[in-house]
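The values are calculated or read from the model by the stated rules, or taken from the named source; none is laboratory data. Note that the structure is predicted; figures quoted are calculated from it, not measured. Backbone-built Cβ (ideal geometry, glycine too); neighbour counts: all protein chains shown. Ligands, DNA and RNA are stripped out before the accessible areas are found, and what is left, the full protein with its side chains, is counted by its heavy atoms. Shrake-Rupley method; radii C 1.70, N 1.55, O 1.52, S 1.80 Å.
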Amino acid sequence: MMKTMGRQAKMASRSLARLDAKQKNLLLRDLGENLIKRKEEILEANQEDLAMGVENGLSEALMDRLMLNEERILSMKEGLYTVEKLENPVGEIFEMKTLDDGLKVGKMRVPLGVVGIIYESRPNVTIDTAALCIKSGNALIL
């Protein structure tokens, strides 16, 4: 399963790496709009997650992190819009210098490819990491 997921993420990373800044910003904007549009569905699914958390004896602190409400969803949307406003990091050239022979050398920011994140009980982390990976042209495995 992990091998398949990794292959799929690698394929997706190639598409994400080719997106321009405008396309990535549209993706972030659409994701924010869909969070609001599908808010009730998200909250219902979160109630199921919370019920499972109670059944599995999650601590009060973990349950609080897991819980979503309208305010938290709005905050997630705002986080997406904040990332949307950031400058596109991909393609930025920095630390340019000219060697003695006239050759110009510098560093360019490029996507990593696939980013993996391990975390627990924080639905907002899903959105935060997705936003940063979209902005930087990377696929994401959570």
Residue within region 91-108 that is open to solvent by 60 Å² or more (accessible area, probe 1.4 Å), touching a Phe, Trp or Tyr at 6+ places or on another chain (Cβ under 9 Å) and either within 23 Å of Q23 (Cα to Cα) or not β-branched (V, I, T) (or both) present: yes
Breaking point among (1) closer than 16 Å to M11 by Cα; (2) out of contact with any strand residue (DSSP E or B) (no Cβ under 6 Å at 6 or more places or on another chain), for C133: (2)
Odd one out for P123 among (1) closer than 28 Å to M5 by Cα; (2) at pLDDT below 95; (3) exposed (fewer than 15 other Cβ atoms within 10 Å of the Cβ): (3)
Candidate set from region 67-90 (those that are among the hydrophobic types (A, V, I, L, M, F, W, C) and touching a residue at least 40 places away in the same chain (Cβ under 8 Å)); member that is most open to solvent (accessible area, probe 1.4 Å): L86
Hits in region 20-40 - residues which are within 20 Å of the chain's Cα centre (by Cα), open to solvent by 60 Å² or more (accessible area, probe 1.4 Å) and among the charged types (D, E, K, R): D20, K22, R29, D30, E33, K37, R38
Meets criteria (under 30 Å from T4 (Cβ atoms) and either among the basic types (K, R) or open to solvent by 80 Å² or more (accessible area, probe 1.4 Å) (or both)) for V115: no
Failed criterion for A17 (all others in (1) surrounded by 11 or more Cβ atoms within 10 Å (Cβ to Cβ); (2) over 29 Å from P89 (Cβ atoms) hold): (2)
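For residues in region 51-66 being over 19 Å from the mean Cα position of the chain (by Cα) and buried (at least 16 other Cβ atoms within 10 Å of the Cβ), which is nearest to K39 (Cα to Cα)?
G53
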